[in-house]
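Peer 1: Just dropping this structure here.
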């Protein structure tokens with residue numbers, strides 16, 4: 001008997017959403033897509049999204065892509081990860097203390113394989129790639145390039161903590177490929193979710209590089225995604241702002257809320 005697979009897949013070359021900020025609800029997630037404002041010169045969308053979810057809500061797997069030159073590298077990543085979805089699902093059935101490390105090794109084996117590297121040499125352009133998995137009360141991520149990941153919670157915001165990791169420039173997968181180098185450059189990490197309502201936000205740089213520049217004031221970004229109970233309304237409002245501020249670059253968001261009932265680590269004193 002095959003494994004149950006629930007997935008969402010999209011690449012901007014198929015649906016560009018120029019001048020059309022759009023949000024879609026998929027399971028517990030909100031997926032926001034915007035191809036840019038044509039009045040500012042936008043004429044293509046090279047972003048991509050691939051999501052797998054466990055039917056019972058035990059975990060979510062999300063991949064966010066921001067390609068350039070063409071969308072071919074994003075299409076290759078979506079096609080590759082979709083082809084390996086069965087293996088990903090099997091690994092995420094492991095206990096959480098084993099699953100993340102096993103998944104990282106699995107992905108590295110794919111990305112460093114000669115078959116995948118050969119396909120990368122055939123595409124035009126390259127892509128930033130951010131993969132994120134929420135399992136139980138933990139969040140794991142794997143990042144190549146400058147996509148952004150945020151964990152938004154009042155306890156963290158009170159201490160000025162919003163982003164997980166940082167944006168790293170000059171890293172890609174595709175024709176120019178970190179995994180073709182003698183030493184691959186990428187980032188990965190694991191965070192415990194705080195007790196209560198955690199909001200996880202993955203975004204391409206088109207969201208951050210317009211108008212008021214949310215990066216200059218992370219508190220503004222926090223308020224944008226936590227200001228309303230309905231997360232889809234929050235995402236829609238942020239993308240509408242990008243359009244109004246004449247954002248030229250594509251902006252894609254994957255966001256979801258997880259209520260963690262477990263107590264999180266606190267200092268002993």
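The values are calculated or read from the model by the stated rules, or taken from the named source; none is laboratory data. Quantities reported herein were computed from a predicted structural model and do not represent experimental measurements. For neighbour counting, all protein chains shown are included, and Cβ atoms are generated from backbone atoms with ideal geometry for every residue, glycine included.
Peer 1: When you scan the range 248-266, how many residues do you find that are closer than 19 Å to residue 131 by Cβ and over 16 Å from the mean Cα position of the chain (by Cα)?
Peer 2: Counting residues in the range 248-266 that are closer than 19 Å to residue 131 by Cβ and over 16 Å from the mean Cα position of the chain (by Cα) gives 0.
Peer 1: Scan the range 21-66 for residues that are at pLDDT 95 or above, in contact with a strand residue (DSSP E or B) (Cβ under 7 Å, 6 or more places away or on another chain) and outside any strand (DSSP E or B) and report the count.
Peer 2: 2
Results for (1) in a loop (DSSP other than H, G, I, E, B); (2) closer than 18 Å to residue 117 by Cα; (3) more than 16 Å from the chain's Cα centre (by Cα); (4) modelled with pLDDT under 95, shown as yes or no for each residue.
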position	(1), (2), (3), (4)
140	no, no, no, no
167	yes, no, no, yes
184	yes, yes, yes, no
188	no, no, no, no
191	no, no, no, no
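Peer 1: Give just the number: which of (1) farther than 30 Å from residue 43 by Cβ; (2) in contact (Cβ under 8 Å) with a residue 12 or more places away in the chain does residue 202 not satisfy?
Peer 2: Condition not satisfied by residue 202: (1).
Peer 1: So which residues in the range 244-269 are touching a residue at least 12 places away in the same chain (Cβ under 8 Å) and over 30 Å from residue 42 (Cα atoms), if there are any at all?
Peer 2: Answer for the range 244-269, where residues must be touching a residue at least 12 places away in the same chain (Cβ under 8 Å) and over 30 Å from residue 42 (Cα atoms): 257, 258, 259, 260, 261, 262, 263, 264, 265.
Peer 1: Every residue in the range 67-86 that is part of a helix (DSSP H, G or I) and either in contact with a strand residue (DSSP E or B) (Cβ under 6 Å, 6 or more places away or on another chain) or in contact (Cβ under 8 Å) with a residue 60 or more places away in the chain (or both), please. Step through it out loud before you land on a result.
Peer 2: Of the range 67-86, the ones part of a helix (DSSP H, G or I) are 72-83, 85-86.
Scanning the range 67-86 gives 72, 73, 74, 75, 76, 77, 78, 81, 82, 85, 86.
Peer 1: In the range 171-182, which residue that is free of Cβ contacts under 8 Å to residues at least 40 places away in the same chain and assigned to a loop (DSSP other than H, G, I, E, B) is surrounded by the most Cβ atoms within 10 Å (Cβ to Cβ)? Before the answer, list the steps.
Peer 2: Narrowing the range 171-182 to residues free of Cβ contacts under 8 Å to residues at least 40 places away in the same chain: 178, 181-182.
Those still in the list that are assigned to a loop (DSSP other than H, G, I, E, B) too: 181-182.
Details: 181: 10, 182: 4.
The extreme case among them is 181.
Peer 1: Further question: Consider residue 158 against the criteria (1) crowded, with 16+ Cβ neighbours inside 10 Å; (2) free of Cβ contacts under 8 Å to residues at least 60 places away in the same chain; (3) out of contact with any helix residue (DSSP H, G or I) (no Cβ under 9 Å at 6 or more places or on another chain): it satisfies all of them except one. Which criterion is unmet?
Peer 2: Going through (1) crowded, with 16+ Cβ neighbours inside 10 Å; (2) free of Cβ contacts under 8 Å to residues at least 60 places away in the same chain; (3) out of contact with any helix residue (DSSP H, G or I) (no Cβ under 9 Å at 6 or more places or on another chain) one by one, residue 158 breaks only (1).
Peer 1: Does residue 115 satisfy the condition of being touching a helix residue (DSSP H, G or I) at 6+ places or on another chain (Cβ under 6 Å) and either assigned to a loop (DSSP other than H, G, I, E, B) or over 22 Å from residue 226 (Cα atoms) (or both)?
Peer 2: Working: touching a helix residue (DSSP H, G or I) at 6+ places or on another chain (Cβ under 6 Å): no; either assigned to a loop (DSSP other than H, G, I, E, B) or over 22 Å from residue 226 (Cα atoms) (or both): yes.
No: the conditions fail for residue 115.
Peer 1: Conditions first: (1) over 19 Å from the mean Cα position of the chain (by Cα); (2) surrounded by 22 or more Cβ atoms within 10 Å (Cβ to Cβ). Residue 44 passes all but one, so which condition is the exception?
Peer 2: Exception for residue 44: condition (2).
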